[in-house]
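Take a look at the structure below.
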Amino acid sequence: MSNTPDHALVVAAKTAMENAYAPYSKYQVGAAIRAENGQIYAGCNVENAAYPEGTCAEAGAIAAMIAAGAKQIKDIVIIAVGDVEAAPCGGCRQKINEFAEPDLTIFVVSTAGDTTRYSLGEILPHSFKLEA
Ligand code: THU
């Protein structure tokens with residue numbers, strides 16, 4: 001695992017986070033992926049008055065990657081405002097798992113300056129995955 005997050009990914013995730021639509025939780029999250037084609041895809045959480053309809057930052061970044069024709073998450077950075085680090089929710093762990101190997105390093109960053117890294121296999125062991 002690399003020790004520090006890719007700077008360009010941090011910038012992209014932060015930019016997306018600043019555009020997050022989170023009027024209900026007031027918890028803004030951004031995510032940025034580097035795919036196998038070297039390009040960066042970013043997303044933010046988009047909440048809804050019908051609360052369960054809200055989507056996570058990771059889901060937005062993955063959707064942007066797939067829409068662009070890429071299929072593999074090679075690097076990912078997730079960032080949230082404040083000093084609370086946004087470890088991906090269970091659903092997002094499964095979504096990331098669809099397009100990544102267990103040795104993927106997931107960097108979780110807070111705007112307060114903390115960085116934690118996990119491997120996907122560590123936070124989603126014994127995952128359900130079908131080969132496409
Ligand atoms: N959220 C994300 O965008 N990603 C995560 O990994 C955790 C949670 C969002 C969903 C919701 O808009 C807000 O954070 C509070 O749960």
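Would you check if there is a residue in the stretch 12-29 being within 12 Å of the chain's Cα centre (by Cα), open to solvent by 60 Å² or more (accessible area, probe 1.4 Å) and more than 16 Å from Tyr118 (Cβ to Cβ)? Looking through the stretch 12-29, at least one residue is within 12 Å of the chain's Cα centre (by Cα), open to solvent by 60 Å² or more (accessible area, probe 1.4 Å) and more than 16 Å from Tyr118 (Cβ to Cβ). If the condition is being part of a loop (DSSP other than H, G, I, E, B) and either open to solvent by less than 10 Å² (accessible area, probe 1.4 Å) or not polar (S, T, N, Q) (or both), then the stretch 30-44 contributes Glu36, Gly38. Considering Ala70, Ala49, Ala87, the condition of being open to solvent by 60 Å² or more (accessible area, probe 1.4 Å), more than 18 Å from Thr15 (Cβ to Cβ) and of a type in the set (Gly, Ala, Ser) is satisfied by Ala49 alone.
In the stretch 94-117, what count of residues is obtained for those that are within 13 Å of the ligand (Cβ to nearest atom) and open to solvent by less than 60 Å² (accessible area, probe 1.4 Å)?
Total meeting the criteria: 7.
Condition first: of a type in the set (Gly, Ala, Ser), farther than 18 Å from Ala112 by Cα, modelled with pLDDT of 95 or more and not in a loop (DSSP other than H, G, I, E, B). Can you find one or more residues in the stretch 66-76 that meet it? Yes, there is a match, as at least one residue in the stretch 66-76 is of a type in the set (Gly, Ala, Ser), farther than 18 Å from Ala112 by Cα, modelled with pLDDT of 95 or more and not in a loop (DSSP other than H, G, I, E, B). Any residue in the stretch 9-38 that's of a type in the set (Lys, Arg): show its pairings with residues that are open to solvent by less than 30 Å² (accessible area, probe 1.4 Å) at Cβ separation under 7 Å, as long as the two are six or more apart or on different chains. Close Cβ pairs (under 7 Å, with a partner that is open to solvent by less than 30 Å² (accessible area, probe 1.4 Å)) amount to Lys14/Gly30; Lys14/Ile79; Arg34/Leu9.
Out of all the residues in the stretch 1-11, which are assigned to a loop (DSSP other than H, G, I, E, B) and under 15 Å from the mean Cα position of the chain (by Cα)? I'd like the intermediate steps shown before the answer.
Start the filter on the stretch 1-11 by keeping residues that are assigned to a loop (DSSP other than H, G, I, E, B), which leaves 1-6.
Within the stretch 1-11, Pro5, Asp6 meet the criteria.
Can you pull out every residue in the stretch 30-73 that is charged (D, E, K, R) and either over 12 Å from the mean Cα position of the chain (by Cα) or within 15 Å of the ligand (Cβ to nearest atom) (or both)?
Glu36, Glu47, Glu53, Glu58, Lys71
Going through (1) near the ligand (Cβ under 9 Å from one of its atoms); (2) assigned to a loop (DSSP other than H, G, I, E, B) one by one, Gly82 falls short only on (1).
The values are calculated or read from the model by the stated rules, or taken from the named source; none is laboratory data. Source: prediction; values computed, not measured. Ideal geometry is used to build each Cβ from the backbone, glycine not excepted, and the neighbour counts take in all protein chains shown. Surface areas here come from the heavy atoms of the whole protein model, side chains and all, with no ligands, DNA or RNA. Shrake-Rupley method; radii C 1.70, N 1.55, O 1.52, S 1.80 Å.
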